[in-house]
Amino acid sequence: MSHNTVWCALQDSYGFIWLGTSDGLNRYDGRGNKVYRNVLNEKFSLENNFVEALIEVDKNIWVGTNSGLYI
């Protein structure tokens with residue numbers, strides 16, 4: 001995990017567990033964890049690593065951070 005503080009959690013329609021932390025978005029697939037964070041000069045990365053809200057709408061994960069909402 002990217003941080004020991006989890007602000008939000010979601011199990012999506014595919015069975016993945018998503019955890020929003022103070023230092024990125026974590027996805028657990030039953031075997032391992034993948035972390036999504038801000039990457040400089042990468043237009044498709046999160047702008048802020050503080051993830052505080054998650055919701056799934058039409059199989060898309062909406063991610064709420066301190067800097068805005070991402071899909």
How large, in Å, is segment 6-70 by the Kirkwood hydrodynamic radius built from its alpha-carbon pairs? 11.8
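Going by average Cβ neighbours within 10 Å, how do the peptides 59-66, 31-38 rank, with the highest at the top? Intermediate results must be reported in sequence, preceding the final value.
Working: 59-66: 14.5, 31-38: 12.5.
Output ranking for 59-66, 31-38: 59-66, 31-38.
Can you give me the relative contact order of segment 6-70 as a percent, contacts being Cα pairs under 8 Å and 6 or more apart?
26
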Could you check which residue among Asp58, Asp29, Asp12 shows the biggest mean-square fluctuation in a GNM of the chain with a 10 Å Cα cutoff? Asp58
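Throughout, read-outs are computed from the coordinates displayed, never taken from laboratory work. Bear in mind the structure is a predicted one, so any value in this text is a computation, not a measurement. For neighbour counting, all protein chains shown are included, and Cβ atoms are generated from backbone atoms with ideal geometry for every residue, glycine included.
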